[in-house]
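This report concerns only the one structure given below.
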4 protein chains.
Amino acid sequence: MSDSIEQITEVIRKFRDERDWKQFHTPKDMAAAISIEAGELLEHFLWKTNEEAEARIESHRPEVVEEIADIGIFLFELADNISPDYRQYASSRHLFPHI
Amino acid sequence: MSDSIEQITEVIRKFRDERDWKQFHTPKDMAAAISIEAGELLEHFLWKTNEEAEARIESHRPEVVEEIADIGIFLFELADNISPDYRQYASSRHLFPHI
Amino acid sequence: MSDSIEQITEVIRKFRDERDWKQFHTPKDMAAAISIEAGELLEHFLWKTNEEAEARIESHRPEVVEEIADIGIFLFELADNISPDYRQYASSRHLFPHI
Amino acid sequence: MSDSIEQITEVIRKFRDERDWKQFHTPKDMAAAISIEAGELLEHFLWKTNEEAEARIESHRPEVVEEIADIGIFLFELADNISPDYRQYASSRHLFPHI
């Protein structure tokens, strides 16, 4: 798997366009989708101590990673739809002072 | 700014470790943080039609992109904390059949 | 303050209609609003141990309660918009076997 | 089913205590649970126009109402756990100036 956001985004674009899904992928729905998926990720750790959460990851690593990937997929596409140059904005953030 | 997830993650790790924050970044709190940030992203589009959401992006692009970046930062770190090899799991997903 | 959901809902309806807001209160936006407010509630406890979360409540009780109230306000209105008879559905749930 | 928040809360307390669940119901986990359930509610309307969302309610009313009830159940218990007198705080809000 590529480590390049641009290359991953290209795969996402292709997957989406083969299904003609762009019409549904409004910013509002993409943000809602990210929020929903974030809830599914959080659910893995609900009612659990930190130790139990770590054990959950051990026992359900593929499922937890898939939730992370689901969020990433929507996030990369949304960033791409909103602004192909989003990195120029992100680079101005305090967190990335030297990127 | 780098296009490499690994290189971005290295910046995030460094930023976090300079502040000694890893002790707080449990999987449960990282998932909660992603969920909270996703809500802040969604809030940009609340009560808005799709046309108004697009106008919101035009007028607040840096702010919207920062919310996306905030989610990405937590997501990359969580993936890194959970599994340095998370890409092997993600690569098995239907969405990425050929990565 | 009334303890009756119906009476609270009547206050919410009046507040909303005086501002002509019903046009914006689609089920999708109401659900998004609840999700956003839930994130704001959760944010009070982010990066905190259970003990620190309890201390947060002690030091910020009115703010925490306001977040709970914000969720409740949207929840009661959504239930009212969707189904004036929603209680008949809720009453069939396992949790409320004898209501 | 009762229309009284206090009476509904009493049922919730009883249900919880019969299962000895209070030990897990920390404020942080309750807030996380509300956020997760809010995502499940929102999911009913994802990728849908307002008209399609209304149709979803028609075709899945019990399921949608159950999601609302799930949020309400956690919300009432959290309010009860945090502050038996939470209504005095809520009553000071702008929305409820005359309650």
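The values are calculated or read from the model by the stated rules, or taken from the named source; none is laboratory data. Remember, it's a predicted structure, so these values are computed and weren't measured experimentally. With ideal geometry, Cβ positions are generated from the backbone for all residues, glycine too; neighbour counts draw on all protein chains shown. Please note that ligands, DNA and RNA were not included when accessible areas were found on the heavy atoms of the full protein model with its side chains. Shrake-Rupley method; radii C 1.70, N 1.55, O 1.52, S 1.80 Å.
When the stretch B:1-15 is examined, which residues are found to be open to solvent by 10 Å² or more (accessible area, probe 1.4 Å) and either over 29 Å from residue D:39 (Cβ atoms) or in contact (Cβ under 8 Å) with a residue 40 or more places away in the chain (or both)? Before the answer, list the steps.
From the stretch B:1-15, those open to solvent by 10 Å² or more (accessible area, probe 1.4 Å) are B:1-4, B:6-7, B:10-11, B:13-15; that's our starting set.
B:1, B:2, B:3, B:4, B:6, B:7, B:10, B:11, B:13, B:14, listed by residue number.
Spot the failing condition for residue D:30; the list is (1) more than 7 Å from every other protein chain (Cβ to nearest Cβ); (2) open to solvent by 10 Å² or more (accessible area, probe 1.4 Å); (3) not β-branched (Val, Ile, Thr), and only one is missed.
It is condition (2) that residue D:30 fails.
Name, by its number, the condition in (1) within 8 Å of chain D (Cβ to nearest Cβ); (2) of a type in the set (Val, Ile, Thr); (3) farther than 23 Å from residue D:41 by Cβ that does not hold for residue A:8.
Only one criterion in (1) within 8 Å of chain D (Cβ to nearest Cβ); (2) of a type in the set (Val, Ile, Thr); (3) farther than 23 Å from residue D:41 by Cβ is unmet by residue A:8, namely (1).
From the list C:23, C:7, exactly one residue is over 17 Å from the mean Cα position of the chain (by Cα) and either in a helix (DSSP H, G or I) or over 30 Å from residue B:27 (Cα atoms) (or both). Which is it?
Working: C:7 fails: over 17 Å from the mean Cα position of the chain (by Cα).
Criteria check complete, one pass: C:23.
Test each condition in (1) open to solvent by 40 Å² or more (accessible area, probe 1.4 Å); (2) more than 7 Å from every other protein chain (Cβ to nearest Cβ) for residue D:44 and report the one that comes out false.
With (1) open to solvent by 40 Å² or more (accessible area, probe 1.4 Å); (2) more than 7 Å from every other protein chain (Cβ to nearest Cβ) applied to residue D:44, the lone miss is (1).
Tell me which of these residue D:50 doesn't satisfy, since it passes every other one: (1) touching an Asp or Glu at 6+ places or on another chain (Cβ under 7 Å); (2) open to solvent by 40 Å² or more (accessible area, probe 1.4 Å).
Status for residue D:50: all satisfied but (1).
Given (1) of a type in the set (Ser, Thr, Tyr); (2) within 20 Å of residue C:38 (Cβ to Cβ); (3) more than 7 Å from every other protein chain (Cβ to nearest Cβ), where does residue A:35 come up short, assuming only one miss?
Result: residue A:35 passes all but (3).
Would you be able to say whether some residue in the stretch C:18-25 is open to solvent by less than 40 Å² (accessible area, probe 1.4 Å) and at the interface with another protein chain (Cβ under 7 Å from one of its Cβ atoms)? First the steps, then the outcome.
Going residue by residue through the stretch C:18-25, those that are open to solvent by less than 40 Å² (accessible area, probe 1.4 Å) are C:25.
Adding the requirement that they be at the interface with another protein chain (Cβ under 7 Å from one of its Cβ atoms) leaves none.
There is no residue in the stretch C:18-25 that is open to solvent by less than 40 Å² (accessible area, probe 1.4 Å) and at the interface with another protein chain (Cβ under 7 Å from one of its Cβ atoms).
Restricting to the stretch A:43-81, give me the number of residues that are in a helix (DSSP H, G or I), closer than 28 Å to residue A:2 by Cβ and in contact with a helix residue (DSSP H, G or I) (Cβ under 8 Å, 6 or more places away or on another chain).
Pass one, the stretch A:43-81, residues in a helix (DSSP H, G or I): A:43, A:50-59, A:61-81.
Cutting the leftovers down to closer than 28 Å to residue A:2 by Cβ gives us A:57-58, A:61-81.
Now narrow it down to the ones that are in contact with a helix residue (DSSP H, G or I) (Cβ under 8 Å, 6 or more places away or on another chain): A:57, A:61-62, A:64-81.
Count: 21.
Looking at the stretch A:53-62, which of its residues are open to solvent by 30 Å² or more (accessible area, probe 1.4 Å) and at pLDDT 90 or above? Can you show your working first?
First, the residues of the stretch A:53-62 that are open to solvent by 30 Å² or more (accessible area, probe 1.4 Å): A:54-56, A:58-62.
Scanning the stretch A:53-62 gives A:54, A:55, A:56, A:58, A:59, A:60.
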